[in-house]
Amino acid sequence: MLSMALMGVFTVLKAQEKKELDRQAIMDMCGCYEITFKYTETFAPEIDYEKKLDYTAKALELALPIIDEENKISIQHLLVIHDTTIIKHWRQDWLYENQEVFHYDKDNNWTFSKLPADAVKGQWTQKVYQVDDSPRYSGSATWVHYDGKHYWENTSDSPLPRREYSKRSDYNVMKRGNRQEITSYGWVHEQDNDKIIRKEGAEDVLLAQEKGMNIYTKIADEKCKIAQEWWAKHKDFWANARASWDKVYKREGDLTLLKSVDKKPLFMHFYELEKANAKKKEISKTIEKFITEKASVNAEGK
């Protein structure tokens, strides 16, 4: 029979092995991909609800690991348009046993909070950011490796997806059921989403549900070479952007962002900042213009 000391060592070794499996699964999401996006509404509680048309799209995208540390992996997604144009897309950060999360409420408001250490033991937090590195959603869960399957799943509220936010106003929160699963050909982002009407002081109302499948099929890295070259030229600006946002995210409580300033949304301001290769001080000043509550950006930096 193993002694308590040996059992403790065995447990630590097993935890380390599990963590390495987790890290490998996350890193397996990196590479050059052909992506198919498919969404269909599946259910609505009201019989007079008119189901919206299915959404299908295709894209070429590079998922690039920009931070690879023991307890943090950051993956930047870059869209390749017509083999000539690059658009900085979403970013996902993976943090091991992370306690600091943010949750979307409604009306461009996020609540920042701290989870108990025992609640996140062995878990990874996925933090998802928008094209301008503003917050989108986050959640903590355990990577599962069983019967040859490797997946992570979590449910978290978020703003409307880009495919709908400029077209619809009949709901204001998407409760996202996210499942990332590594496959033999790449990976799949499977979604079971609730489209929610949320009002202050009232219970959430379910408008409709949808199924989503974002299928990432890995192809030769050469197909995304233009994106790699683009990132080499622009990575310093976006490092400054992340540093500016990090000062905003070091908080507890709420963060509310204006939807536009000078008749332009934040991502449009960031296009201009990027074009000018702006430094941290100017980036922070721009972010500060969008913050509506008392806490503001510390505009230090060059």
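The values are calculated or read from the model by the stated rules, or taken from the named source; none is laboratory data. None of the values given here were measured: they were computed from a predicted structure. A quick note on method: Cβ atoms are made from the backbone with ideal geometry, for glycine too, and the neighbour counts reach across all protein chains shown. The area values use the complete protein model at the heavy-atom level, side chains included, leaving out ligands, DNA and RNA. Shrake-Rupley method; radii C 1.70, N 1.55, O 1.52, S 1.80 Å.
Numerical summary
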item	result
Estimated translational D of the chain in µm²/s (Stokes, Kirkwood radius over Cα pairs; 37 °C; 0.692 mPa s)	157 µm²/s
Rh (Kirkwood; distinct C-alpha pairs) - the stretch 35-111, Å	16.3 Å
Alpha-carbon radius of gyration plus Dmax, which is the widest Cα pair, for the stretch 152-302 in Å	18.8, 53
Derived scalar couplings ³J(HN,Hα) [the stretch 77-83; Karplus, 6.51 cos²θ - 1.76 cosθ + 1.60; whole Hz; x for Gly, Pro]	9, 10, 7, 10, 9, 6, 6
Highest to lowest packing among 103-114, 45-56, scored as the average C-beta count within 10 Å	103-114, 45-56
Sum of -39500 (n - 2.57) over DSSP H runs of 4+, divided by residues of the chain (222 nm, nearest 500)	-8000 deg cm²/dmol
Charge dipole of the stretch 209-296 about the Cα centre (unit charges at C-beta), most positive-ward option of I226, A278, F267	A278
Intensity falloff of the stretch 1-153 expressed as log10 I(q)/I(0), Debye formula with alpha-carbon point scatterers, at q = 0.09, 0.13, 0.19 Å⁻¹	-0.42, -0.81, -1.30
F267 accessible area, 1.4 Å probe, all protein chains in place, Å² to nearest 10	40 Å²
Size of charge dipole - the stretch 145-189 - debye, nearest 20, with Cβ of Lys, Arg +1 and Asp, Glu -1, no other charges	220 debye
Dipole magnitude (debye, nearest 20) for the chain, charges at Cβ of Lys, Arg, Asp, Glu	840 debye
Burial order of peptide ranges 277-285, 194-202 (average beta-carbon count within 10 Å, highest first)	277-285, 194-202
The chain - Cys residues lacking any other Cys C-beta under 4.7 Å	C30
Spin-label pair E222/K149, simplified geometry with 7 Å Cα→Cβ offset, distance in nm	3.7 nm
For the chain: relative contact order, % (alpha-carbon pairs under 8 angstrom, 6 or more apart)	16 percent
Accessible carbon and sulfur surface of the chain relative to its total accessible area, %, 1.4 Å	52 percent
Sites A243 and T85 - FRET efficiency at Förster radius 30 Å, r taken between beta-carbons, to 0.05	0.70
Estimated D of the stretch 168-217 in µm² per second, where Rh is the Kirkwood radius over Cα pairs and Stokes-Einstein applies at 20 °C, 1.002 mPa s	174 µm²/s
Percent of Cα-Cα distances greater than 26 Å, calculated over the stretch 118-228	32 percent
Two-decimal Rg to Rh for the stretch 167-252 - Kirkwood Rh, Cα set	1.11
Over 22 Å (Cα to Cα) - which of K167/K235; K38/K175; K72/K114 fall in this group	K167/K235
Kirkwood Rh and Cα Rg combined as Rg over Rh, evaluated for the stretch 90-168	1.02
